[in-house]
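The structure appears below as structure tokens.
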């Protein structure tokens, strides 16, 4: 399916407007960090904070709400009543730790840009139209995900990748779906859909992947699972 040129022009204009908005906010210290370089209260702060805590040798502390809150206040440089918790399985530290090795602003931008690339490429493959990537970037949800540094781009890419492989490579599709264990609520309906669709190989592959993630998480940080 080829997209109308007008749709691509409109999508490009919207995506460019998003870019300008983020650029203005970044320059005005209203997006990632304040004028002093302290992080603002965004979702990404929980990823980076957890990574830094894990690097200190005590990953289980990331699941300790008071300790995590105190650490985030220290990073932000002021008292803050809010809270950005860490509710992901220990295996997600494999993403959080590398991010925490980079200064906060650079890490935030790297995370968002990498996620955008995966998301846009996956959507284009599913739609079998390169222009669909532009439409995906112009979606309001893309801006809503980029601004706080959420992991929605990664989740969307995993789901899209699973859909692409479901017919030809069901085992791979199941593995991709199993990786969504870091967002358990996304898996509430996916197993049901696989069962009703008769995709049993993908279903069992996803189940095995989920079990392996739990085992690896326990091996990596047994105290974290208890927390």
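Bear in mind these aren't lab numbers, they're just calculated from the coordinates by the rules spelled out. Source: prediction; values computed, not measured. As a convention, Cβ positions derive from the backbone with ideal geometry for all residues, glycine included, and neighbour counts pool all protein chains shown.
Mean separation of Cα pairs under 8 Å and 6+ residues apart, divided by the residue count of the range 73-227: what relative contact order is that in percent? Numbers along the way, then the final one.
Numbers: 143 pairs, mean separation 34.8, N = 155.
Once normalised by length, the contact order is 22 percent.
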> Relative to the present Cα-Cα distance, how much length would full extension add between residue 163 and residue 195 at 0.36 nm per residue of separation?
Replying inline: 10.1 nm
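What ranking, highest mean first, results for peptides 116-122, 49-55, 192-198, 62-68 when packing means the other Cβ atoms within 10 Å averaged over each residue?
Values: 116-122: 19.4, 49-55: 22.6, 192-198: 12.3, 62-68: 17.4.
Highest mean packing first, the order is 49-55, 116-122, 62-68, 192-198.
For the chain, what is the calculated [θ] at 222 nm in deg cm²/dmol (nearest 500), taking -39500 (n - 2.57) for each run of four or more DSSP H residues and dividing by its residue count?
Values: 12 runs with 151 residues, N = 227.
Helix contribution divided over all residues of the chain: -21000 deg cm²/dmol.
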> Any idea what the relative contact order of the range 166-227 is, in percent, if you count C-alpha pairs under 8 Å spaced at least 6 apart?
Replying inline: 40
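I need the peptides 207-216, 95-104 ranked by packing, meaning the mean over residues of other C-beta atoms within 10 angstrom, with the highest value on top. Kindly include the intermediate steps, with their values, before the conclusion.
Details: 207-216: 15.4, 95-104: 17.0.
Result, highest mean Cβ count within 10 Å first: 95-104, 207-216.
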> Which of the peptides 15-25, 156-166 is most tightly packed, and how do the rest follow, judged by the mean count of other Cβ atoms within 10 Å per residue?
Replying inline: 156-166, 15-25
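If each residue of separation counts as 0.36 nm, what is the full-extension length gain between residue 83 and residue 113 once their alpha-carbon separation is subtracted?
Working: separation 30, 0.36 × 30 = 10.80 nm, distance 2.50 nm.
That pair, residue 83 and residue 113, stretches by 8.3 nm at full extension.
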>> How high is the relative contact order of the range 1-151? Use alpha-carbon pairs under 8 Å, at least six apart in sequence, and give a whole percent.
In response: 32
